[in-house]
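Below is one structure; the comments refer to it alone.
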There are 2 protein chains.
Amino acid sequence: MSADIALQNEIFAARRLHASLTFRTGAPDGIAVIDRVGTVVTLKHDEALFREGDPADRYFKVVRGAVRGCKLLADGRRHIGDFFLPGDFIGLDAAETYGFSAEAVSDITIIRYARRKVEALAWQEPRVAKSLVKMMREDLCAARERMTLLGHLTAMERIASFLLTMADRTGDTRVSLPMTRTDIGDYLGLTMETVSRAFSRLKGDGVIEQKSVHEVVIVDRDALEELAEVA
Amino acid sequence: MSADIALQNEIFAARRLHASLTFRTGAPDGIAVIDRVGTVVTLKHDEALFREGDPADRYFKVVRGAVRGCKLLADGRRHIGDFFLPGDFIGLDAAETYGFSAEAVSDITIIRYARRKVEALAWQEPRVAKSLVKMMREDLCAARERMTLLGHLTAMERIASFLLTMADRTGDTRVSLPMTRTDIGDYLGLTMETVSRAFSRLKGDGVIEQKSVHEVVIVDRDALEELAEVA
DNA sequence: CGCCCATTTGAAAATAATCAATGGAAGTGG
DNA sequence: CCACTTCCATTGATTATTTTCAAATGGGCG
């Protein structure tokens, strides 16, 4: 049936795309092997990959779109711990159960791996084990960076850092922000309003240009780096 | 010579102590093996184990005392990413170089491991590799918890969480705080003054009692948990 | 075309930071 | 052993940043 063919094409496209992204982000080559035990899946906007507390029997890799990892606090406040973008792995930190929920920010394509199979592969192939450990190390370093940001930077410094990080991921001055202002706020420990005001000010100062709500262009990178000047 | 004997005693005592702590904190038993490739070292108050940017060729484990892991920001602000207490490993997240400086908060005893040797051991003994990965996973989860704290909790909530965490580590209502108020502030993303005021308020409300500046007793744990009510 | 939801903008309120002064304990040196 | 010094903690008053509350704007989708 043509639906099957379309699906096959989607899968091949996803694999190609994801392979190129793996290369781009400099992910260790040992990791490509594990895709053989993965399944390509697509999810729509706001659907959940898993919820905090679910048994953690799967890993995921983002191929297309963006995923947010979030925790709900007792009084309803929401914290977003990470935005996962193409090439990123999800779930490496989980023990028995997931420590946060993962939701599709946009329509997404992901690869889903049975944890069991990945671990079996890691035992067979030391390269795979090494790659997984390396990714965990990178995640830890990133987490420490973000702690500094959340603990000690002003609103403007956080926004500037965020924009620079997003820009570095695509290697382009054109930055796509698929998430809402509220998402960004929950990610940076700010309110939606503060995020919006910071964007407006950057726009007013000619540092960025807004193509649309979800797409900005960095006009003056030096100014952004000045604002984010940390570490 | 008697100095040698004293040193030997110190080392044995440190190993015993550390073994018991390993047990208490539920650290995987596979880890005890690696102590055979470690060296016991003592450092005085404020001495550095290593500095941010140093080649990361060693791991450490705290046996006695406390260590702070800190980053210096461009403008002089300081962020403390972690307090390492007895039983804690330091350096697992480092790639080529350390991502933060580690300094003795008090006089400390630590075990120092050549990274090369630990890694060799991990290849020989799958248990060791598993333990190291498990510790990294726990570190990652802890880092995510702290992000939530730094991003979304009020000053009082942060202090309450901090006290509860410290109390849980010793399993006692009597909590030792070897670090300064400034250290605590840099750890929680607050100023020394805010930390001090929060302590005063808790004292005034009869939630805690101060035996000395560096030792508090938790009188009303429920109240603290109420104040920290999160996740 | 019109509705709905996210974003933007404005004004007021709250929290924590900063500035400033005092108090106290630990350590130093005579 | 005591006095002195220094550093850290506490407390108070003021300021600044961000949040909260509220209203208006605008873009996307049915």
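The values are calculated or read from the model by the stated rules, or taken from the named source; none is laboratory data. What you see is a predicted model; the values in this text were computed from it and never measured. Reconstructed Cβ throughout: ideal geometry from the backbone, glycine too, with neighbour counts over all protein chains shown.
Tabulated data
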quantity	calculated
Number of positions in region B:143-154 that are surrounded by 17 or more Cβ atoms within 10 Å (Cβ to Cβ) and more than 10 Å from chain A (Cβ to nearest Cβ)	0
Odd one out for B:VAL62 among (1) at pLDDT below 95; (2) under 27 Å from A:VAL133 (Cα atoms)	(1)
So B:ASP93, is it in a loop (DSSP other than H, G, I, E, B), within 13 Å of chain A (Cβ to nearest Cβ) and under 19 Å from B:ILE34 (Cβ atoms)	yes
Residues within region A:155-166 that are within 13 Å of chain B (Cβ to nearest Cβ) and within 30 Å of B:ILE90 (Cβ to Cβ), tallied	4
Qualifying positions in region A:98-109 - in a loop (DSSP other than H, G, I, E, B) and more than 8 Å from chain B (Cβ to nearest Cβ)	A:TYR98, A:VAL105, A:SER106, A:ASP107
Within region A:125-224, helices (runs of 4 or more DSSP H) holding 1 or more residues that are without any contact (Cβ under 8 Å) to a residue 12 or more places away in the chain and away from DNA strand C (no atom under 16 Å from the Cβ)	A:126-152, A:155-170
Test for B:GLU229: is it more than 11 Å from DNA strand D (Cβ to nearest atom) and either of a type outside the set (A, V, I, L, M) or exposed (fewer than 14 other Cβ atoms within 10 Å of the Cβ) (or both)	yes
Hits in region B:49-63 - residues which are touching a Leu at 6+ places or on another chain (Cβ under 9 Å) and surrounded by 19 or more Cβ atoms within 10 Å (Cβ to Cβ)	B:LEU49, B:ARG58, B:TYR59, B:PHE60, B:VAL62, B:VAL63
Residues located in region A:167-221, provided they are within 11 Å of DNA strand D (Cβ to nearest atom), away from chain B (no Cβ under 14 Å) and under 24 Å from B:HIS152 (Cα atoms)	A:GLU193, A:SER196, A:ARG197, A:ALA198, A:ARG201
All positions within region B:115-157 that are within 21 Å of B:PHE60 (Cβ to Cβ) and among the acidic types (Asp, Glu)	B:GLU119, B:GLU125, B:GLU138, B:ASP139
Which listed residue is more than 13 Å from chain B (Cβ to nearest Cβ), out of contact with any Phe, Trp or Tyr (no Cβ under 8 Å at 6 or more places or on another chain) and not acidic (Asp, Glu), from A:ARG116, A:ARG51, A:ARG78	A:ARG116
Residue list for region B:119-161, restricted to those being within 16 Å of DNA strand D (Cβ to nearest atom) and among the charged types (D, E, K, R)	B:GLU157, B:ARG158
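Results for (1) within 11 Å of chain A (Cβ to nearest Cβ); (2) touching an Asp or Glu at 6+ places or on another chain (Cβ under 8 Å); (3) under 20 Å from A:ASP139 (Cα atoms), shown as yes or no for each residue.
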position	(1), (2), (3)
B:VAL63	no, no, no
B:PRO86	no, no, no
B:ILE111	no, yes, no
B:MET135	yes, no, yes
B:CYS141	yes, yes, yes
